[in-house]
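Here the structure is laid out as structure tokens; the discussion comes afterwards.
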Amino acid sequence: MSRPVIFKFRLYVAGDALNSAQSLANLTALCQTHLPDRHEIEVVDVFKNPKRALVDGIFMTPTLLKLAPSPVRMIVGTLSQTQIVLQALGL
Amino acid sequence: MKSAQPRLVKVLTKAPTGITGFDEITGGGLPRGLTTLLVGGPGSGKTILALQFLVHGAQDCKEPGIFVAFEEASKRIVANAESFGWKLAELRRKKLFFMDAQPIPDLVQSGDFDLSGMLAALEAQILEMGARRIVFDALNIILELLPEPAAKRRELYRLHEWLRARELTGLITLQAGGDVKGAISHQPFGFMQFMVDCVVILNHSVVQGVSQRNLRVQKYRGSGFDEDEAPFLIGQSGFEVAIAHTQGRVDVKVTNERISSGVKRLDTMLGGGYYRGASVLITGSSGTAKTTLGGAFAEAACRRGERTMFVSFDSDCTEVIRNLASVGILLDRYVKNGCLRMISARTIVGKSAETYLVRIKMLAKEHGARCLVIDPASAWSTSDNDLTAQSVAKRLIDWSKAKGTTLICTKLVDQMSSLEVGGSPLNISTLADTWIHINYLVQAGERNRGLSIVKSRGTAHSNQVCELILSDAGVTLTDTYTADGEVLMGTLRREKESAERVAHEAAEVAVKLKRVRLDAEEAELEVRLKSLQTELVAKQVEKALLVSSTQSRKGELSRGRTQMRELRGADAAKPGRKIP
């Protein structure tokens, strides 16, 4: 079996806002179900790193970026509709 | 429950937008530290107005600003705004920040989200540059991504509260469908107009094929404002809103100075000329020399060295110059030395009355015109609905008065309609200070121009209808000939005049003849008198001779008798007397 593809995610959250927390929980659950041991999640709190949000062009929270494998995809929202999210991620 | 401390009542201050007319309507600009909603259809000028508000703040008010672009990429906005001459590149370094917030096309949305990310990012930026103004352009784009109305509402409140807390002067633009009135009340943005402190609606419509832009302030908390729809246009330096009157405008300084109309006789009829700063209306049907009178005025103004602008709607400038030269009005040299500026309305882009007005105002300002001729102003009413054209005419007069510009407007009236009716379509006749009417009098198979002064405020003016004569020597006015209660003009007048002249000459000749005859008779009489006198003298001499001869004879006789007696010796002779 070839080396598994590692999914790299970056999740922008707004502190401990409800929808941000939901999105993190949803993402974690999704990864554990569909990408066990082949995912990396970086969480960026825009309240703590506003400059980064500005530079990265993040204006909605929560926003999930799938950085790898390409293409880069952007999903906003709580990621509650699993089917849509999986489709967007190519899973 | 009582609040811990009395709420500080803040005096509403305003953030000027730098937009001509808009600041006047709102009494100074947008509410400072509060939120304004700007609603408009596609292409109604929302982005430009918003950007101008920021540019003015950054450039002239020391209020740096942030532009959050949801719709168009900032690169394109900047490129589009380039033509307005705003120094965006320079401002962008420190005072003006563009944030691109367009959702990427393949954005996937799943579940609820909010705008905290953006606000956090903006927060950092605001702190860094000390921004005081912020624009959210086309906020609806991002709101539409939100799954449910409640979420949209929540985010709007979030944004509004965020703006309030930071005391930023916020301007949120919303796209509305073609019909603004319908769109504004439709959910989810309908409630926004209740939430914000000021609502401005932009409307773009086409009336009889002519583009018409209107701006209306729908609400303005804590401030008076002009509630009417005001026409506006996007000009060369940005937004320009046309306003009927400038609030707090000081009454115009009225002068008694008279300036020449360019026609000597007309000056006399007006009691010295037009008043400086007056608005003069010249009406007449086609070809009645309205343009010529306008040209004569322009020439006279240039001769006095006053900067003058001539706006021609009917023909090109070169044509006007050529045509006027044929009646001895030479404008060419004044165009060359820069005193006179000729504008052909054909070169004015856009054809709504509003566009014309703003352009004319701008050009006049540019040229520093003291005298302005618009030929004919009636060209407006054809390209617009009456109401607009009328309000434009009103504002034109208002504006020229405020500036002290002497304004000559010519206006075409239908020959068929009477004078009274002719005055109504543009209705400037009531506004104008002086109204000169030229009409054709058709008589004995010819058309002649009759000029009369219908009114002239503050002037004792002539009540005479004068005949207007154009020749290569210029414009002259001549008395008409009134005979048997009939006014005679043109050839008839000339005929009458020459007949009069002939009759006069004949009479003179007759007198001369009679005089000669009398002279002759007198001479004859004198001659006769002389001959008679001579005769008289002859008679007298004769008579004298007769007398003397008679006496001598008598003497002779008596001497003879004495001698006889002596000779006879009959009587005693007198001694000493001897007969030889």
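The values are calculated or read from the model by the stated rules, or taken from the named source; none is laboratory data. Not measured: the values here are computed from a predicted model. Note that each Cβ is placed from the backbone with ideal geometry, even for glycine, and that neighbours are counted across all protein chains shown.
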Scan of the range B:274-306 for residues that are touching a Lys or Arg at 6+ places or on another chain (Cβ under 6 Å) and not aliphatic (A, V, I, L, M), ordered by number:
B:283, B:284, B:288, B:306
Being facing chain B (nearest Cβ under 9 Å) and more than 22 Å from residue A:18 (Cα to Cα) is the requirement here; does residue A:88 meet it?
yes
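Yes/no per residue for (1) in a loop (DSSP other than H, G, I, E, B); (2) surrounded by fewer than 18 Cβ atoms within 10 Å (Cβ to Cβ):
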{"site": "B:255", "(1), (2)": "yes, yes"}
{"site": "B:268", "(1), (2)": "no, yes"}
{"site": "B:287", "(1), (2)": "yes, yes"}
{"site": "B:294", "(1), (2)": "no, no"}
{"site": "B:315", "(1), (2)": "yes, yes"}
{"site": "B:329", "(1), (2)": "yes, no"}
{"site": "B:346", "(1), (2)": "no, yes"}
Taking the stated definitions as given, is residue B:215 modelled with pLDDT of 85 or more, within 27 Å of residue B:77 (Cα to Cα), surrounded by 14 or more Cβ atoms within 10 Å (Cβ to Cβ) and touching an Asp or Glu at 6+ places or on another chain (Cβ under 9 Å)?
yes
Is it fair to say residue B:93 is surrounded by fewer than 17 Cβ atoms within 10 Å (Cβ to Cβ), more than 10 Å from chain A (Cβ to nearest Cβ) and either part of a helix (DSSP H, G or I) or without any contact (Cβ under 8 Å) to a residue 12 or more places away in the chain (or both)?
yes
Might you check whether a residue that is within 14 Å of the chain's Cα centre (by Cα), buried (at least 20 other Cβ atoms within 10 Å of the Cβ), closer than 20 Å to residue B:278 by Cβ and at pLDDT below 85 occurs anywhere in the range B:411-427?
yes
Failed condition for residue B:98, given (1) among the hydrophobic types (A, V, I, L, M, F, W, C); (2) modelled with pLDDT of 85 or more; (3) not assigned by TED's automatic domain parsing to the domain that holds residue B:197
(3)
Can you say whether residue A:79 is within 22 Å of residue B:118 (Cα to Cα), in a loop (DSSP other than H, G, I, E, B) and aliphatic (A, V, I, L, M), as far as the supplied structure shows?
yes
So, in the range B:465-490, exactly how many residues are at pLDDT 75 or above and among the hydroxyl-bearing types (Ser, Thr, Tyr)?
3
Looking for something surrounded by fewer than 17 Cβ atoms within 10 Å (Cβ to Cβ), out of contact with any helix residue (DSSP H, G or I) (no Cβ under 6 Å at 6 or more places or on another chain), at the interface with chain A (Cβ under 9 Å from one of its Cβ atoms) and not in a strand (DSSP E or B) - is there at least one such residue anywhere in the range B:170-182?
no
State all residues of the range A:32-76 that are more than 7 Å from chain B (Cβ to nearest Cβ) and in a loop (DSSP other than H, G, I, E, B); if no residue qualifies, say none.
A:35, A:36, A:37, A:38, A:48, A:49, A:69, A:70, A:71, A:72
Which residue, of B:514, B:496, B:455, is among the basic types (Lys, Arg), in a helix (DSSP H, G or I) and either surrounded by 12 or more Cβ atoms within 10 Å (Cβ to Cβ) or touching a Cys at 6+ places or on another chain (Cβ under 7 Å) (or both)?
B:496
Out of B:137, B:100, which single residue is over 43 Å from the mean Cα position of the chain (by Cα) and charged (D, E, K, R)?
B:100
Which of the following residues is closer than 22 Å to residue A:57 by Cβ, modelled with pLDDT of 85 or more, within 11 Å of another protein chain (Cβ to nearest Cβ) and surrounded by fewer than 17 Cβ atoms within 10 Å (Cβ to Cβ): B:107, B:127, B:115, B:119?
B:127
Evaluate the following for residue B:79: is it free of Cβ contacts under 8 Å to residues at least 12 places away in the same chain, surrounded by fewer than 19 Cβ atoms within 10 Å (Cβ to Cβ), facing chain A (nearest Cβ under 7 Å) and part of a helix (DSSP H, G or I)?
no
